[in-house]
Every structure is written in C-alpha cells, then in structure tokens.
1. For segment 96-105, name all the residues that are surrounded by 10 or more Cβ atoms within 10 Å (Cβ to Cβ) and part of a loop (DSSP other than H, G, I, E, B).
2. Sort out which residues of segment 28-53 are among the hydrophobic types (A, V, I, L, M, F, W, C) and surrounded by 16 or more Cβ atoms within 10 Å (Cβ to Cβ), and write them in order of number.
3. Just name the residue that is most open to solvent (accessible area, probe 1.4 Å) out of those in segment 6-26 that are touching a residue at least 24 places away in the same chain (Cβ under 8 Å) and not in a strand (DSSP E or B).
Amino acid sequence: MDLIKENEADIINIGSTIGLKQGYEDQLAYTTSKWALRGTSYNLQLELKKYNCRVIQLNVGGMNTRMHEKCTGQKLANPDEWMNPRDIADIMLYTLKLPKKVEISEITINRK
C-alpha cells in the first residue's frame, strides 16, 4: 500500500456484473469472488481517499472471450452480439487519463 501512495497510483479492479446480482446456479465461487472484489474496491477507496490515488471498480458483463467456452464447453452462439474486450480497454484508458481531481468510483458496462 505504501508504494501505491508514494507513486500516486490508480487501481482498476475488473469485476463482473455478476457482482451486482444474486448469481447463477453452479457459479458460487465466481459470484463470491466478484462480490468480494467489489467490497475490496470500496474499502480501498476509503483507505486511499486522502491520497492522490483512485480506485475504480469496473463491472463488465457479456464479453466476447473464450471464458464462456471454458466454463460451459460451448462456443458463443452469436459472438458478434457480445462486447469486444478492446472497447473495454479503451474505456479503462480513457478513465485513467482523466485528471486526478476526477474520480469515477464504479463503472458498469453491459452489452445490449
């Protein structure tokens, strides 16, 4: 934590929209980890509030990645309907380039 303060670093925690919901059957560990990450972000925001650091919780859902296939063994039926990870990376970079006086504490991004 000292290096974060000294370097006036920003932290982006990549969560999931599942951390905003009750969860799904057979996803206990995944859902729990996303809820825990969100709580960690809130706590870090409080601890780093008086420093020139920002903690941003990014909740993303519906990504066009291989994660779905790894979990279910099935490829996405319509991959073009899912979000591109590069778009999320662009949002992250934009957020980090904002002046330090601007803090976006949490962002939720859903696919249409």
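1. We begin by selecting, within segment 96-105, every residue surrounded by 10 or more Cβ atoms within 10 Å (Cβ to Cβ); these are 96, 98, 100, 103-105.
If the condition is that a residue be surrounded by 10 or more Cβ atoms within 10 Å (Cβ to Cβ) and part of a loop (DSSP other than H, G, I, E, B), then L98, K100, E103, I104, S105 are the ones that fit.
2. Of the residues in segment 28-53, the ones among the hydrophobic types (A, V, I, L, M, F, W, C) are 28-29, 35-37, 44, 46, 48, 53.
The answer is W35, L37, L44, L48, C53.
3. E8
Per-residue answers, yes or no, for (1) open to solvent by 80 Å² or more (accessible area, probe 1.4 Å); (2) under 25 Å from A29 (Cα atoms); (3) part of a loop (DSSP other than H, G, I, E, B):
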site	(1), (2), (3)
V55	no, yes, no
H68	no, yes, no
L76	no, yes, yes
D87	yes, no, no
Y94	yes, no, no
I107	no, yes, no
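The values are calculated or read from the model by the stated rules, or taken from the named source; none is laboratory data. Only a predicted model underlies this, so the values are computations on that prediction, with no experimental measurement involved. Note that each Cβ is placed from the backbone with ideal geometry, even for glycine, and that neighbours are counted across all protein chains shown. Surface areas here come from the heavy atoms of the whole protein model, side chains and all, with no ligands, DNA or RNA. Shrake-Rupley method; radii C 1.70, N 1.55, O 1.52, S 1.80 Å.
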